[in-house]
Amino acid sequence: MSATTPIIKIDGISKSFGSFKVLDGLSMQVMPREKLALIGPSGSGKTTILRILMTLERIDGGHIQIEGEQLYHMERNGQLLPADERHLARMRQKIGMVFQLFNLFPHKSVIDNVTLAPMLTKGTPRAAEQKRAMELLDMVGMADKAKAMPAQLSGGQKQRVAIARALALQPKIMLFDEVTSALDPELVEEVLNVLWRLCAETDMTMLLVTHEMGFAHDFADRVLFFDRGRIVEEGKPDEIFRNPKQERTQGFLKKIIAAGHRV
Amino acid sequence: MTQWSGYFGLIMQGALVTIELTLMGSVLALVMAFLAGMGRLSRFFVLRALATAYIEFFRGTSIFVQLFFAYFVLPLVGFELTPLQAGVLALGLNVGAYAAEVVRGAVQSIGREQHEACIALNLGRWQGMRHVILPQAFLVMLPTFGNNAIELLKATSVVSLISLADLTFQAQVVRAQTGNTMVPFTTILVIYFILALLISWGVRSLERRMARGLDGVRV
């Protein structure tokens, strides 16, 4: 795969919840290793895009390609058929996701949260997986809590475990869905620091839905501003945050700054 | 003056039969509860229909009639059952139907975010069910399973009607032989109550053990 071929290619997708059209013919591309920030008012469809890429929501129309391969369709004898569960499972190997509310498994210890999926899906022996899990927990600064249960952790600690858990499957693309929105302000930074580390130490493609505008500015290679299911404006962080061209982008950023967020 | 010690031995023999029935019936009920409860949640219409038919049928007909059917009617079509087998079958299937709804409800009570975590971690449907959803749902099921087990214990007394020598049957024997009603029935009343207490206590301690580390907060 050459550096000029997009790793994610979204082509005219639409999605409705009942009569509410969340995405309307949306197209976008993401290059390998790119760090993308998706910003915009709630209900603008940015989280839905992540959920669609993780196959948590199905699309009503359009196509998505991951590394040149159809996500929701499979080719059989030159025909495009809806993807079956096996195809989806294979495609999901490329993608990981971290959720706003962590979604840890409450009945499993920290290390078991991390090792469960690799052991089940890759069949690697427990010892090897535990060693890897400890490395990942060390990377997110949670190695000393490996034996703890999720209920014993703070929000920031839970989210760092959730990141280690997603990393354990070695995805090429990581989706971060408002990963700091549910955290107390003083816990936000410890999670953002982990994202910085991932950025420096891995070559994952990262898509980030966030309300942390300061972080989005510093972290992202490219920022997409969403409103009503469409990309209203996109560009380098400096262009979007310092000099937005669209009125809706200006209005949104003004509101965010008024609410006390740093840009 | 009646010699109570011999009669007490008789009642204890009955207690053993009641305990045996309760244990075996509970095992069958548990198996049926998971089969039918998961069947209700299946993607496949046939499985859902079978599970629903089973649950509605066994909840909707009397345990007496089910027992009589198992013991008196099944032999007519070639299934000869001992009283114990008929008792376990009727009790297990009957209580299993109630418990199946407990299984279904508990599985459905586990939040969508847990299912989504399973998908995001690429677990298969069954893997997610087995390792993530069911272990959490089981904790939700336990208290109601305790109720079901006590219901089953109390329902075992119907087997006395097909001459299985359980607690109730033996109490009637004692009553017939001694002419005393108060002593045998008071005795078995207390024994049933103690057995029910043991079930409650057992389920509660199991619950406590399994809930360790989980404190109900969102994780």
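The values are calculated or read from the model by the stated rules, or taken from the named source; none is laboratory data. Remember, predicted model here, so these are calculated numbers, not experimental data. Ideal geometry is used to build each Cβ from the backbone, glycine not excepted, and the neighbour counts take in all protein chains shown.
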Meets criteria (within 28 Å of B:PRO135 (Cα to Cα), touching a Phe, Trp or Tyr at 6+ places or on another chain (Cβ under 9 Å), within 14 Å of another protein chain (Cβ to nearest Cβ) and modelled with pLDDT of 95 or more) for A:MET54: no
Unique match (being of a type in the set (S, T, N, Q), out of contact with any Leu (no Cβ under 6 Å at 6 or more places or on another chain), within 12 Å of another protein chain (Cβ to nearest Cβ) and surrounded by fewer than 22 Cβ atoms within 10 Å (Cβ to Cβ)) among B:GLN127, B:GLN114, B:GLN85: B:GLN114
Residue in the range B:42-62 that is crowded, with 16+ Cβ neighbours inside 10 Å, in contact (Cβ under 8 Å) with a residue 60 or more places away in the chain and under 22 Å from the mean Cα position of the chain (by Cα) present: no
Count of residues meeting criterion [in contact with a strand residue (DSSP E or B) (Cβ under 9 Å, 6 or more places away or on another chain) and either at positive phi or at the interface with chain B (Cβ under 9 Å from one of its Cβ atoms) (or both)] in the range A:153-164: 1
Residue that is farthest from B:CYS118 (Cα to Cα) [pool: residues in the range A:69-81 that are of a type in the set (A, V, I, L, M, F, W, C) and without any contact (Cβ under 8 Å) to a residue 12 or more places away in the chain]: A:LEU80
Residue under evaluation B:ALA90, criteria (1) within 12 Å of another protein chain (Cβ to nearest Cβ); (2) crowded, with 21+ Cβ neighbours inside 10 Å; (3) not β-branched (Val, Ile, Thr), criterion not met: (1)
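Yes or no, residue by residue, for (1) crowded, with 16+ Cβ neighbours inside 10 Å; (2) more than 11 Å from chain B (Cβ to nearest Cβ); (3) assigned to a helix (DSSP H, G or I); (4) modelled with pLDDT of 95 or more:
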| site | (1), (2), (3), (4) |
| --- | --- |
| A:MET74 | yes, yes, no, no |
| A:PHE105 | yes, no, no, yes |
| A:ILE111 | yes, yes, yes, yes |
| A:THR121 | yes, no, yes, no |
| A:ALA133 | yes, yes, yes, yes |
| A:LEU136 | yes, yes, yes, yes |
| A:ASP144 | no, yes, yes, yes |
| A:ALA151 | yes, no, yes, no |
| A:ALA166 | yes, no, yes, yes |
Pairs where the first residue, in the range A:57-68, is outside any strand (DSSP E or B) and the second is among the β-branched types (Val, Ile, Thr), C-beta under 6 Å, 6+ apart: A:ILE59/A:ILE13; A:ILE59/A:ILE52; A:GLU67/A:ILE7
Boolean, A:MET91 is buried (at least 18 other Cβ atoms within 10 Å of the Cβ) and within 24 Å of A:THR202 (Cα to Cα): yes
Candidates A:LYS254, A:LYS236, A:LYS172, filtered to the one that is under 30 Å from A:LYS122 (Cβ atoms) and among the basic types (Lys, Arg): A:LYS172
A:VAL223 being buried (at least 21 other Cβ atoms within 10 Å of the Cβ), within 17 Å of the chain's Cα centre (by Cα) and within 17 Å of A:PHE102 (Cα to Cα): no
Members of the range A:196-255 found to be of a type in the set (Asp, Glu) and not in a helix (DSSP H, G or I), listed by number: A:ASP203, A:GLU212, A:ASP221, A:ASP227, A:GLU233, A:GLU234
Residue within the range B:96-106 that is within 14 Å of chain A (Cβ to nearest Cβ) and within 27 Å of A:ILE95 (Cα to Cα) present: no
A:PRO82 vs. criteria in contact with a strand residue (DSSP E or B) (Cβ under 9 Å, 6 or more places away or on another chain) and more than 9 Å from every other protein chain (Cβ to nearest Cβ): yes
Test: residue in the range B:136-152 that is without any contact (Cβ under 8 Å) to a residue 40 or more places away in the chain, within 30 Å of A:MET54 (Cα to Cα) and within 17 Å of the chain's Cα centre (by Cα): yes
